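Chemist: Here it is, the structure in full.
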Amino acid sequence: MYIFSIAILIFVLNKLYIRNWILENDLPDFLLIVTYSIPNLIEAIIVTLLLTGILLQVRQHYNKKLGSIKVEHINILASSIAAVYVISQELKFHNLGGNNVYDPYDLLASFIGLIGTFGIIQLFGFMNENEVDTKE
């Protein structure tokens with residue numbers, strides 16, 4: 001929940017303020033590259049979190065059939081689906097996310113977002129133990 005909220009906040013601040021401020025001031029190109037790649041990073045984070053939440057809900061709803069699937073496998077599946085979506089969009093296999101221009105830095109930011117989010121979910125979990133109805 002915190003990562004999701006922080007990611008959205010950073011996206012909005014970047015879009016409305018940070019990017020314009022960097023463009024108006026004579027700052028290093030590195031900062032401009034980062035601000036243009038932040039949406040890809042945020043997209044990877046948000047898609048991974050949403051898919052993880054959806055798949056965990058599906059697992060819980062269909063507990064009799066899917067309850068034996070380990071949380072780690074759900075995390076891997078959600079991250080894999082997110083990776084296929086985000087990377088295929090960046091490589092222009094589809095244009096579901098809007099007008100996309102290929103940039104290797106955007107692809108790198110997407111990888112960082114995907115791997116980082118997967119790592120955080122694996123390390124800290126997706127939800128509090130108190131909120132889990134089924135045994136892990």
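Chemist: Percent of Cα-Cα pairs more than 22 Å apart in the chain, please. Walk me through the numbers before you get to the answer.
Modeler: Working: 4042 of 9180 pairs.
That fraction is 44 percent.
Chemist: May I pose another question? Based on the alpha carbon coordinates of the stretch 1-73, what radius of gyration and maximum Cα-Cα distance (Dmax) apply, in Å?
Modeler: Computed over the Cα atoms of the stretch 1-73, radius of gyration and Dmax are 18.0, 60 Å.
Chemist: Grab the Cα-Cα distance for Lys65 and Ser5, subtract it from 0.36 nm times how many residues apart they are, and report the gain in nm with one decimal. Provide the component values of the computation, followed by the final result.
Modeler: Working: separation 60, 0.36 × 60 = 21.60 nm, distance 3.24 nm.
That works out to 18.4 nm of additional length.
Chemist: If you build the Cα gyration tensor of the stretch 63-127 and take the root of 5 times each eigenvalue, what three semi-axes come out, in whole angstrom, biggest first?
Modeler: Working: eigenvalues 153, 43, 11 Å².
The equivalent ellipsoid of the stretch 63-127 has semi-axes of 28, 15, 7 Å.
Chemist: Using a Förster distance of 41 Å, how high is the FRET efficiency between Phe30 and Leu123, based on the Cβ-Cβ distance and rounded to 0.05? Let's see the in-between values first.
Modeler: Details: r = 28 Å, r/R0 = 0.69.
Step by step, r from the Cβ atoms, then E = 0.90.
Chemist: Please give the residues of the stretch 52-70, grouped as numeric ranges, whose backbone N is less than 18 Å from a label point set 7 Å along the Cα-to-Cβ vector of Ser80.
Modeler: Backbone N within reach: 52-59, 66-70.
Chemist: Let me ask you something else. For Gln89, what is the net charge nearby, where nearby means another residue's Cβ is under 14 Å from its Cβ and Lys, Arg count +1, Asp, Glu -1? Intermediate results must be reported in sequence, preceding the final value.
Modeler: Values: positive: Lys92; negative: Glu43, Glu90, Asp103, Asp106.
Its environment carries a net charge of -3.
Chemist: Using a 1.4 angstrom probe, figure out how much accessible area the chain has per residue, in square angstrom, rounded to the nearest whole.
Modeler: Computed with neighbouring chains in place, this is 68 Å² per residue.
The values are calculated or read from the model by the stated rules, or taken from the named source; none is laboratory data. Treat the numbers as computed from the prediction; the structure is a model and nothing was measured. Positions of Cβ are generated from backbone atoms using ideal geometry, with glycine treated the same way; all protein chains shown enter the neighbour counts. For the accessible areas, the whole protein counts, side chains as well, though only heavy atoms, and no ligand, DNA or RNA atoms are used. Shrake-Rupley method; radii C 1.70, N 1.55, O 1.52, S 1.80 Å.
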